[in-house]
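Beneath this line is the structure, given in structure tokens, with notes to follow.
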Amino acid sequence: MKLVVANWKMNLTASETRAYTAAFRKGLTALEGVEIVLAPPFTALAAAAAAEGRWSLAGQNCHHRSSGAFTGEISARMLADLGCRYVILGHSERRRDFGESGELLSEKVARAREAGLVPIFCVGESLGEREAGATEEVLERQVADLAADPAGMPLVVAYEPVWAIGTGQRADGGQIRGAHGRLRSLLAVRSDLRILYGGSVTAETSGEILGLPDVDGALVGGASLDPAGFARIARAAIQR
Ligand code: 13P
């Protein structure tokens, strides 16, 4: 079964989330055969949970410590308590804008596990790295931060090339297959691994992307903000 994840980033208030979930539910007729996850901002998680649809929830981030004097931060346990099953970790926007290092991300993965959350661990090269032929090296380095995570635990890895995020320029089939194949061999010890593609996935392109071998689903940013469009992506995932 494919997994489609809506990463709303810093969009949609709690009241907008109520309108979104009502509209999204209408687009989801007979949606067996696809796993749907919504990742609203922290302030809208409760509204998305209360709407009780055929989706589970993800946090977009969590702190690397379990509790304490960290003003403004959110722990993995807080997310689990609100009903989250997943947490997105290592998104390139956090790596880039908040300087999140591999070491820090390993700690976040450990906190997620303690709280019973499944990490959606994001990896991906920048344009400069791809042009320098360093894509495989970057993926290898980023995946190495999962070394301490028990191999038998369910894990989701999202391949999100930085140059494809929010640019409208998605990776092509060959690039996706190459990266996913590499990730799968780097993570061969994992017994429960799903690899998602993310980066300018739209309702129009989702069918083709989700149909690629080695693509277990999609992590969708901008296109997930439209409930009808995201419902289309979820439907496209069913036949794949
Ligand atoms: P876009 O789908 O807007 O390119 O964003 C992808 C992403 O970063 C999802 O986490």
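The values are calculated or read from the model by the stated rules, or taken from the named source; none is laboratory data. The structure displayed is predicted, hence computed values, not measured ones. Glycine also receives a Cβ, built like all others from the backbone with ideal geometry; neighbour counts cover every protein chain displayed. In case anyone asks, the SASA skips ligands and DNA or RNA and just uses the protein heavy atoms, side chains included. Shrake-Rupley method; radii C 1.70, N 1.55, O 1.52, S 1.80 Å.
I'd like the full set of residues that are basic (Lys, Arg) and within 15 Å of the ligand (Cβ to nearest atom), limited to the range 205-235. Break it down into steps so the answer makes sense when it comes.
To start, the set of residues in the range 205-235 that are basic (Lys, Arg) comprises 232, 235.
If the condition is that a residue be basic (Lys, Arg) and within 15 Å of the ligand (Cβ to nearest atom), then ARG232 is the only one that fits.
Name the strands (runs of 3 or more DSSP E) wholly inside the range 1-70 in which the number of residues that are not aliphatic (A, V, I, L, M) is 2 or more.
Details: elements: 2-7, 34-39, 56-59.
Hits in the range 1-70: 2-7, 56-59.
Considering only the range 24-49, state which residues are at pLDDT below 95 and open to solvent by 10 Å² or more (accessible area, probe 1.4 Å).
Answer for the range 24-49, where residues must be at pLDDT below 95 and open to solvent by 10 Å² or more (accessible area, probe 1.4 Å): ARG25, LYS26, GLY27, LEU28, THR29, ALA30, GLU32, GLY33.
Working carefully through the options VAL156, VAL220, VAL138, VAL189, find the one that is of a type in the set (A, V, I, L, M) and free of Cβ contacts under 8 Å to residues at least 24 places away in the same chain. Quick ask: steps written out before the conclusion?
Values: VAL156 fails: free of Cβ contacts under 8 Å to residues at least 24 places away in the same chain; VAL220 fails: free of Cβ contacts under 8 Å to residues at least 24 places away in the same chain; VAL189 fails: free of Cβ contacts under 8 Å to residues at least 24 places away in the same chain.
One residue alone meets the criteria, VAL138.
How about the range 179-204: which of its residues are near the ligand (Cβ under 10 Å from one of its atoms), within 14 Å of ALA223 (Cα to Cα) and aliphatic (A, V, I, L, M)?
VAL201, the sole residue that qualifies.
Please indicate, with yes or no, whether at least one residue in the range 166-187 is charged (D, E, K, R) and within 20 Å of MET1 (Cα to Cα).
Yes, there is a match, as at least one residue in the range 166-187 is charged (D, E, K, R) and within 20 Å of MET1 (Cα to Cα).
So which of ILE176, ILE238 ends up being open to solvent by 10 Å² or more (accessible area, probe 1.4 Å), touching a strand residue (DSSP E or B) at 6+ places or on another chain (Cβ under 8 Å), more than 10 Å from the ligand (Cβ to nearest atom) and not charged (D, E, K, R)? Even if it seems obvious, please write down each step before you answer.
Numbers: ILE176 fails: open to solvent by 10 Å² or more (accessible area, probe 1.4 Å).
The conditions single out ILE238.
Among ARG141, ARG130, ARG85, ARG96, which is the only one that is assigned to a strand (DSSP E or B), open to solvent by 60 Å² or more (accessible area, probe 1.4 Å) and closer than 27 Å to ALA164 by Cα? Walk me through how you get there before you give the answer.
On the way: ARG141 fails: assigned to a strand (DSSP E or B); ARG130 fails: assigned to a strand (DSSP E or B); ARG96 fails: assigned to a strand (DSSP E or B).
Unique residue meeting the criteria: ARG85.
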